[in-house]
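One structure below.
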Amino acid sequence: MSAMLHEASQYLAAAVPAPSGGANVPQPTSNAPGPLTTKVNLVLGILAWAGTAAGVCGVLVTGAMMAISVKRGESSEHMSRLGMVLGGCVLVATAGPIVQFVFN
């Protein structure tokens with residue numbers, strides 16, 4: 001199955017002329033207007049900053065809850081909570097590079 005998918009992707013990605021003798025498949029370029037690009041980058045930068053701040057707050061709150069639980073002698077599932085917070089931090093940190101890899 002993998003070999004068949006590989007062959008299909010090689011065939012579809014090749015620059016082969018159209019069967020009717022027409023031109024190759026067009027490859028559009030990204031020509032977004034400058035002001036729009038600037039505004040989108042500003043919004044994405046603010047969202048990235050907010051995601052990082054939320055991750056730091058999540059780690060701090062989870063650590064504080066762990067300290068309070070240990071002080072009281074209660075057991076709780078803080079490690080799973082910390083894992084979820086750290087997973088979210090990794091997702092926020094890698095969102096930009098993943099999108100860049102997929103769309104460029």
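Numbers for the structure displayed
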{"quantity": "Members of region 35-92 that are of a type in the set (D, E, K, R) and either surrounded by 11 or more Cβ atoms within 10 Å (Cβ to Cβ) or not in a helix (DSSP H, G or I) (or both)", "calculated": "Lys39, Glu74, Glu77, Arg81"}
{"quantity": "Checklist (1) in a loop (DSSP other than H, G, I, E, B); (2) of a type outside the set (A, V, I, L, M, F, W, C); (3) modelled with pLDDT of 85 or more applied to Gly21, failing item", "calculated": "(3)"}
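The values are calculated or read from the model by the stated rules, or taken from the named source; none is laboratory data. None of the values given here were measured: they were computed from a predicted structure. Here the Cβ is made from the backbone with ideal geometry for all residues, glycine too, and neighbour counts use every protein chain on show.
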